[in-house]
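J.: Got a structure for you, questions after.
Please treat every number below as a calculation from the coordinates, not as lab data. This is a predicted model, so every value here is computed, not measured. With ideal geometry, Cβ positions are generated from the backbone for all residues, glycine too; neighbour counts draw on all protein chains shown.
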Amino acid sequence: MSEAPPILRVRGLHVRYGHVHAVQGVDLDVREGAGVGIIGANGAGKSSTLKAIMGLADARFDELQVAGERVLRPTPEAMVRRGIGYVPEGRRIFPGLTVRQNLLMGAYAHPWDRRVRERVEEVYRLFPILARRDRALAGALSGGQQQMLAIGRALMGEPRLLVLDEPSMGLAPALVDEIVEAVRGLHARGLTLVLVEQNARLTFSLTEHCVVLESGRVVKEGPSRVLREDPEVRKIYLGV
Ligand SMILES: Nc1ncnc2c1ncn2[C@@H]1O[C@H](COP(=O)(O)OP(=O)(O)O)[C@@H](O)[C@H]1O
Ligand SMILES: [Mg+2]
């Protein structure tokens with residue numbers, strides 16, 4: 001019996017910005033239901049890897065597959081349509097639109113779907129504070145609420161894989177906890193995750209498998225519970 005192909009398969013990913021070779025041959029496999037973390041210092045190439053997968057960076061792949069189907073040239077629209085939800089670094093919500101309008105923007109890949117309203121209600125159940133701010137301008141929300149909105153917007157596309165780039169960045173600890181618990185709940189209910197974080201402790205707690213990126217290369221990978229005990233990883237990424 002052959003195993004189902006991974007939701008995401010990346011081979012030989014390279015990203016260049018002029019003479020900066022930011023990602024240098026990254027491979028990544030994400031199986032259905034898995035939680036995969038990417039940890040690494042500032043500038044290691046984490047965001048570039050995610051942007052390349054979403055078609056937002058000038059990238060070269062030996063192979064990019066979504067659920068066994070080859071993607072020759074990723075674009076954000078096509079990747080969302082294939083079931084990948086992306087929460088970019090720095091949230092990138094639309095500040096001049098209301099909370100609800102931001103969520104509706106996330107449903108553009110399925111614009112006529114009758115489930116859109118239902119989906120908004122699901123996001124509001126996940127983050128009740130957003131329901132209370134339904135008509136508020138997104139630019140008036142706190143950083144934590146904007147992060148919830150960015151996650152909610154990605155969920156509007158009914159993703160099978162949710163890709164998060166530094167969701168904890170710049171947030172107060174109480175809000176980080178709330179967001180982490182929401183993401184943990186989504187994952188526990190079966191949503192596949194790729195999580196990029198400088199906060200390695202948080203990444204280990206939310207994922208089952210991690211890769212460590214250094215200068216655009218995967219230098220280590222393995223089960224999160226093994227990596228979190230790795231002396232080198234502890235010293236560099238956990239500060240212990
Ligand atoms: N738009 C860009 N133009 C030029 N260099 C960039 C750009 N984006 C990222 N870089 C460089 O690429 C490298 C990797 O960046 P990035 O993927 O953002 O790392 P990380 O997310 O791990 O902090 C860094 O050296 C960064 O300075
Ligand atoms: Mg980054």
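J.: Would the range 42-52 turn up any residue that is away from ligand 2 (no atom under 13 Å from the Cβ), within 25 Å of THR203 (Cβ to Cβ) and either among the charged types (D, E, K, R) or surrounded by 14 or more Cβ atoms within 10 Å (Cβ to Cβ) (or both)?
T.: Scanning the range 42-52 turns up no residue that is away from ligand 2 (no atom under 13 Å from the Cβ), within 25 Å of THR203 (Cβ to Cβ) and either among the charged types (D, E, K, R) or surrounded by 14 or more Cβ atoms within 10 Å (Cβ to Cβ) (or both).
J.: Considering only the range 20-66, give the strands (runs of 3 or more DSSP E) lying wholly within it that have at least 2 residues that are in contact with an Asp or Glu (Cβ under 6 Å, 6 or more places away or on another chain).
T.: Where strands (runs of 3 or more DSSP E) fall fully within the range 20-66, none carries at least 2 residues being in contact with an Asp or Glu (Cβ under 6 Å, 6 or more places away or on another chain).
J.: Take the range 200-220 and flag every residue that is crowded, with 18+ Cβ neighbours inside 10 Å and either more than 16 Å from ligand 1 (Cβ to nearest atom) or not aliphatic (A, V, I, L, M) (or both). Outline the logic, then answer.
T.: Keep residues of the range 200-220 that are crowded, with 18+ Cβ neighbours inside 10 Å, which gives 200, 202-204, 206-207, 209-213, 216, 218.
Matches in the range 200-220: THR203, PHE204, LEU206, THR207, HIS209, CYS210, GLY216.
J.: Name the single residue, out of those in the range 67-79 being in a helix (DSSP H, G or I) and farther than 18 Å from ASP29 by Cα, that is nearest to ligand 2 (Cβ to nearest atom). Write out each step before concluding.
T.: First pass over the range 67-79, keeping only residues in a helix (DSSP H, G or I): 76-79.
Within this subset, residues satisfying the condition of being farther than 18 Å from ASP29 by Cα are 76-78.
Working: PRO76: 17, GLU77: 22, ALA78: 23 Å.
Looking at the filtered set, the residue picked out is PRO76.
For (1) closer than 17 Å to ILE84 by Cβ; (2) free of Cβ contacts under 8 Å to residues at least 24 places away in the same chain, each residue gets a yes or a no:
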residue: GLY12; (1), (2): no, no
residue: VAL20; (1), (2): no, yes
residue: ALA41; (1), (2): no, no
residue: ILE53; (1), (2): yes, no
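J.: Moving to a separate point now. Just checking, which of GLY90, GLY96 is within 16 Å of ligand 1 (Cβ to nearest atom) and assigned to a loop (DSSP other than H, G, I, E, B)? Explain how you work it out, then say what you get.
T.: On the way: GLY96 fails: within 16 Å of ligand 1 (Cβ to nearest atom).
Of the residues listed, the single one that is within 16 Å of ligand 1 (Cβ to nearest atom) and assigned to a loop (DSSP other than H, G, I, E, B) is GLY90.
J.: Do we find that ALA22 is of a type outside the set (Ser, Thr, Tyr), under 19 Å from HIS209 (Cα atoms) and within 16 Å of ligand 1 (Cβ to nearest atom) in this structure?
T.: no
J.: Can you tell me which residue within the range 1-19, out of those that are assigned to a strand (DSSP E or B) and not hydrophobic (A, V, I, L, M, F, W, C), is nearest to ligand 1 (Cβ to nearest atom)?
T.: If we take residues in the range 1-19 being assigned to a strand (DSSP E or B) and not hydrophobic (A, V, I, L, M, F, W, C), then TYR17 is nearest to ligand 1 (Cβ to nearest atom).
J.: Would you confirm, using the coordinates I've provided, whether ARG73 is loosely packed, with under 14 Cβ neighbours inside 10 Å and either in contact with a Phe, Trp or Tyr (Cβ under 6 Å, 6 or more places away or on another chain) or closer than 23 Å to GLY106 by Cβ (or both)?
T.: It is true that ARG73 is loosely packed, with under 14 Cβ neighbours inside 10 Å and either in contact with a Phe, Trp or Tyr (Cβ under 6 Å, 6 or more places away or on another chain) or closer than 23 Å to GLY106 by Cβ (or both).
J.: Here are HIS14, HIS21: which of them is surrounded by fewer than 17 Cβ atoms within 10 Å (Cβ to Cβ), of a type outside the set (Gly, Ala, Ser) and either more than 23 Å from THR207 (Cβ to Cβ) or within 16 Å of ligand 2 (Cβ to nearest atom) (or both)?
T.: HIS21
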